[in-house]
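Below is one structure; the comments refer to it alone.
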Amino acid sequence: MIEMAVALGVVVAMGLIGGLGPGLLAAVGTGTLALGLLLGVPTGFWYHVVLYRVVAAKGPVPSRWWLSPSGLHGRLSEAELGRVTFWYRTGGIGFVLSLAGGVAAILGALMARW
């Protein structure tokens, strides 16, 4: 199901890119980038805080755990995973919005130069 949503999103995005002028594309991309950062940075930070607290309550936390924090999800019970999942997914959505907005802004700027 999620693969279909991603594929549909890519098709819609390609249509928008073709239909928008360079200036509007850059503006929409910059706005999407800002929205992604405003959503992703605080929720991503809070995800790491909650995950650390849950894992640390069970025992020692591996060094550099923050480089691949999703590897710790296997140590969590269903209830603990429920506490972490919302922040994990919301931070991921913010990350994807940031990437898509940045790419759109760069494309708009490049199209304006040509």
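Sequentially through region 26-36, phi angles give Karplus couplings (6.51, -1.76, 1.60; θ = phi - 60°) of 5, 5, 5, x, 5, x, 5, 4, 5, 4, x Hz, Gly and Pro residues having no value and appearing as x.
One chain, two ends: residue 46 and residue 63. Fully extended at 0.36 nm per residue, the span grows by 4.2 nm beyond their Cα-Cα distance. Sites listed here are trypsin sites (Lys or Arg not before Pro) in region 60-99 whose DSSP assignment is loop and whose Cβ has at most 11 other Cβ atoms within 10 Å: 64. Round to the nearest 10 and give me the degree value, 0 to 90, for the angle of helix 78-113's Cα axis relative to the longest principal axis of the chain. Taking the Cα atoms of the chain, the angle to 78-113 is about 20 degrees.
Computed extension length for residue 111-residue 8: 34.7 nm, one decimal, from 0.36 nm per residue of separation with the Cα-Cα distance subtracted.
Any read-out appearing in this document is the output of simple, stated calculations on the displayed coordinates, not a laboratory observation. Given the structure is predicted, the values throughout are model-derived calculations rather than measurements. Reconstructed Cβ throughout: ideal geometry from the backbone, glycine too, with neighbour counts over all protein chains shown.
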